[in-house]
Amino acid sequence: MRRAGAGGGAPFWCLTSALVLAAALGVGFPLAAGSERAASERAASGGAGIRIGMQLEPPILDPTANPAAAISAALYDNVFEGLVEFAADGSVRPRLAESWTVSDDALTYTFKLRSGVRFHNDVVFDANTAKFSLDRARAADSVNPQRSRLQAIAAIDALDSGTLRIRLSQRSSSLLSSLAFGALVMVEPRSAAGNAQQPVGTGPFRLAEWRRGDSLRLVRNPDYWGGPAGPEGATPATGTPEGATPATGTTRPAMLDAATFRFISDPTAAYAALMAGDIDAFDNYPAPESFAQFAADPRFDVFVGSSEGETILSLNNRRPPFNDLLVRRAVAYALDRRAIIDGAMFGYGTPIGSHFPPRNPAYVDLTGRYPHDVTEARRLLAAAGYPAGFAVTLKLPPPSYARRGGEIIAAQLSAVGIRARIENLEWSQWIDQVYTRHDFDMSIVVHAEPLDYDIYARDDYYFGYSNPEFKALIAALEAATTMDERRALLARVQRKLADDAVNGFLFQYPRLAIWNKHFTGLGFDNVLGIVDLGRARYVGPPLAARRSAAIASSGRALGWACGALLLVLLVLAARRMGVHFFAGRIAVLMGTTLVATVMIFIIVQVVPGDPVRTMMGMQASPQAMNAMRAQLGLDAGPLERYAHWLFGLLRGDFGLSYTYRVPVGALIAERLQVSLPLAAYALALAVVIAFPVGLTATALRGRAGDWLLTSGTQVALAVPNFWLGLLLVLLFAVKLHWVSAGGFPGWAAGVGPALGALTLPAVALAMPQAAILARVLRGALNDTLHEDYIRTARAKGAGDWRVLWRHALPNAMTPVLTVLGLQFGFLLAGAIIIENVFFLPGLGRLVFQAIQQRDLMVVQSVVVILVIAVVGLSFLVDVAAACVDPRRRSGGEP
């Protein structure tokens, strides 16, 4: 039996120390070295610029090493430039090349390069640099996603500093179009290897800061050589033997001081960020359902255009029933494109009848080839031997256009007798099952690669179309020497695909953009889907700096203080509990971690999905993929890779991220600067809310106040934290404009702004945890009130609140501390949805992205860290519980 009031000081000293430690870690850890550099960069940029939302984040910043569309969207024509570029209609015009000529046999292209062009590191751009860039892209060990487009090149020569010659082994009329792709930009030889993290180009902007998971900041290049020649389309397109007219652009830098791309993947968060004024524009807006609201809002301008993405109902031509032309044509007649566009895209999108973009001058409108006709579809099915129809699977990737469109298409097919069973897949599953193993009947996907009609000439492509006549058309297209020949052949290509009903051609994916009226000149209408900032400017009232002055602080002294405090706490606990206790707990920690590494590695390896295919995209050649596997060490056996990873962990080396190409340890450290303070903040709020509620409910037990508080905790448990987060954003950010809708400014902007950005997500996370903690505390207190020492305290005249605070609470802390430990572990790794709602670059979001991208090294390393954290928290909970309970002494029984 415990004496009334015994040990009251020790447990509260332990609890206070733990809370101080958590607060110190939460606030002090993020103030890491490097804040001075970030502050100087912001000061140099003047703080004025535009903030642009993007749904996807670039995995790296080198377009020559990864096909991710987000890389080109942010960097192409802004940081990097190519010899040529696409005009809005898909034709080719000069960029770093002033002009070019083509020999009579169409086997030699000679480019006249611009003079006075310099890279951001002040190296002069010349023909030798251009030769290096293209030779690097077509090398045998190249991982360039467009390497296959350069196969016809026999040699590249620098005739002089301003003249580049490309000689072909065979005609390739698509060469100029290929050179306009983002993967074939010009790079500086000495900096090329580091472009993944520190890109060096010739464009009007240069990199200032990349905060992974949060934002990418570009600043104006004051030494920029010039820009595109005049208004859009002013420079004549070329590609004919006659060559091009020289460009007449004027030399000028960009008019914006800076541009910050914010990565916001959640459609609701994108809406809130625009409405709250946290961003000035959103490229490729992901929520068509709310687009009309912005179109009607006088604060915004909107753009509705067409992308290069053909949305298709993919059919597996390899196996029955879709190896039958009659069945494929029946499917085409069954589809009502307008109903699909209205239902899946809320009316935004252009119907197509073949795999070709309507914006291209060679486009042929074939939407009337198969009008929606249920009767004709049924007749064709009966003629094919399926009068009663048949059953198939429709495998859908994650995007909303596929999921919403799949439901509509399944209903339309059902009307003609085709019973489609829907299977929802994650991207990695889709790539593994549909694209790689061809294990599907039907699917829906956007093919976003420009000018990708040649995929239908590949026998091994996932929808399995193989037609000698079509292959002959593609070969003739490559050999064509005039634009008239190409247009005639492109028309035949489109008609052939439509006649053979290879796939269900649905609609051209729309390009939706929104921006504040105070900005003008933003370029969204282009082939590659880039955000062209070259002509953008601010036309509103004076633009104030949006960031607070940075606070330069290293935080190292505070880190050492936290470590010292933790060490003192452990030493005192060891004296109280004995060395054997600590030795046993450490042995459990090590054993659990070792077992966890084995299990995690095995699970990660058997999860479907090829990380290299996910990174390189659907168009990557086998040679480029093999080169990437060798670079990442994925060509080694599983045991060798596990041993290498395990020994790296022992050295504190978590390996290299497949996606970001940086050490995983650095990624974890970056994300902990958000997740650790957020978890500590939410837990502190939960404690502040739960303890008064639990104590008051116990004091009022059996009364109306107890019932009200208990009912309130039940409601808090029932409300999902992401829904609460959305309500908080709509009220305090969108409606009242008191706070930002999300994002994280970084600790270099100051502790106040950083904690302010974490407040709403911390509240959303804290409410259900506070409800759990309050109910546990109330139950534990009620149990202790029946103990003998409580009756003794009452007999000595102690009041209700003194009994609760002085005697019952310390003895009820063991289950409360256990729950606190579990809650901190959950908050550290389980805030994925909240981090997406508030677009916070935290640890949960990192793991979520890594799973989607099959970044196995990040997944397995982060999970091991979380296992260690959970086991470590359990150890600290045991220590705290021993401090609270005097019965848990060295050699004593708990």
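The values are calculated or read from the model by the stated rules, or taken from the named source; none is laboratory data. Only a predicted model underlies this, so the values are computations on that prediction, with no experimental measurement involved. Virtual Cβ from ideal backbone geometry, glycine too; neighbours counted across all protein chains shown.
Worth pointing out:
- Complete set of residues in the range 828-848 that are surrounded by fewer than 24 Cβ atoms within 10 Å (Cβ to Cβ), in contact (Cβ under 8 Å) with a residue 24 or more places away in the chain and more than 13 Å from the chain's Cα centre (by Cα): Ala829, Ile833
Every residue, every condition in (1) more than 26 Å from Ala669 (Cβ to Cβ); (2) under 23 Å from the mean Cα position of the chain (by Cα); (3) in the same structural domain as Thr268 (by TED's automatic domain parsing); (4) in a helix (DSSP H, G or I), yes or no:
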{"site": "Phe722", "(1), (2), (3), (4)": "yes, yes, no, yes"}
{"site": "Leu726", "(1), (2), (3), (4)": "yes, yes, no, yes"}
{"site": "Leu730", "(1), (2), (3), (4)": "yes, no, no, yes"}
{"site": "Val739", "(1), (2), (3), (4)": "yes, no, no, no"}
{"site": "Pro745", "(1), (2), (3), (4)": "no, yes, no, no"}
{"site": "Gly752", "(1), (2), (3), (4)": "no, no, no, yes"}
{"site": "Leu755", "(1), (2), (3), (4)": "no, no, no, yes"}
{"site": "Ala770", "(1), (2), (3), (4)": "yes, no, no, yes"}
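Residue-wise test of (1) over 16 Å from Ile530 (Cβ atoms); (2) in contact with a Cys (Cβ under 7 Å, 6 or more places away or on another chain); (3) at pLDDT 95 or above; (4) buried (at least 23 other Cβ atoms within 10 Å of the Cβ).
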position: Ala87; (1), (2), (3), (4): no, no, no, no
position: Thr108; (1), (2), (3), (4): yes, no, yes, no
position: Gly116; (1), (2), (3), (4): yes, no, no, no
position: Val124; (1), (2), (3), (4): yes, no, yes, no
position: Thr129; (1), (2), (3), (4): yes, no, yes, yes
position: Asp135; (1), (2), (3), (4): yes, no, yes, no
position: Ala139; (1), (2), (3), (4): yes, no, no, no
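- Any hit, the range 423-438, residues being free of Cβ contacts under 8 Å to residues at least 40 places away in the same chain, assigned to a loop (DSSP other than H, G, I, E, B) and within 19 Å of Ala332 (Cβ to Cβ): no
Residue-by-condition table, conditions (1) surrounded by fewer than 16 Cβ atoms within 10 Å (Cβ to Cβ); (2) within 22 Å of Val606 (Cα to Cα); (3) polar (S, T, N, Q); (4) modelled with pLDDT of 85 or more:
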| position | (1), (2), (3), (4) |
| --- | --- |
| Arg671 | no, no, no, yes |
| Ser675 | no, no, yes, yes |
| Leu685 | no, no, no, yes |
| Pro720 | yes, no, no, no |
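- Residues satisfying the stated conditions in the range 721-742, i.e. of a type outside the set (Phe, Trp, Tyr) and free of Cβ contacts under 8 Å to residues at least 40 places away in the same chain: Leu727, Leu728, Leu731, Lys735, Leu736, Val739
- Cβ-Cβ under 6 Å pairs, at least 6 apart or on other chains, the range 465-476 side surrounded by fewer than 16 Cβ atoms within 10 Å (Cβ to Cβ), far side among the hydrophobic types (A, V, I, L, M, F, W, C): Lys471/Ala457
- Residue within the range 500-507 that is more than 17 Å from Asn284 (Cβ to Cβ), outside any helix (DSSP H, G or I) and at pLDDT below 95 present: no
- Inspection of the range 324-346 finds a residue satisfying the criterion of being modelled with pLDDT under 95 and assigned to a loop (DSSP other than H, G, I, E, B).
- Residues in the range 115-165 that are among the hydroxyl-bearing types (Ser, Thr, Tyr) and either in a strand (DSSP E or B) or over 23 Å from Trp225 (Cβ atoms) (or both): Ser142, Ser148, Thr163.
- The C-beta contact set for the range 599-613 (first residue in a helix (DSSP H, G or I), second residue at pLDDT 80 or above and not hydrophobic (A, V, I, L, M, F, W, C), distance under 7 angstrom, 6+ apart or interchain) comprises Ile600/Gln860; Phe601/Tyr642; Phe601/Gln860; Val604/Gln860; Gln605/Pro638; Pro611/Tyr658; Pro611/Asp855; Arg613/Thr436.
- Taken over the range 477-489, the residue count meeting the criterion of being farther than 30 Å from Arg319 by Cβ and part of a helix (DSSP H, G or I) is 9.
- Of all the listed residues (Phe322, Phe356, Phe300), the sole one being among the aromatic types (Phe, Trp, Tyr) and over 24 Å from Asn526 (Cβ atoms) is Phe322.
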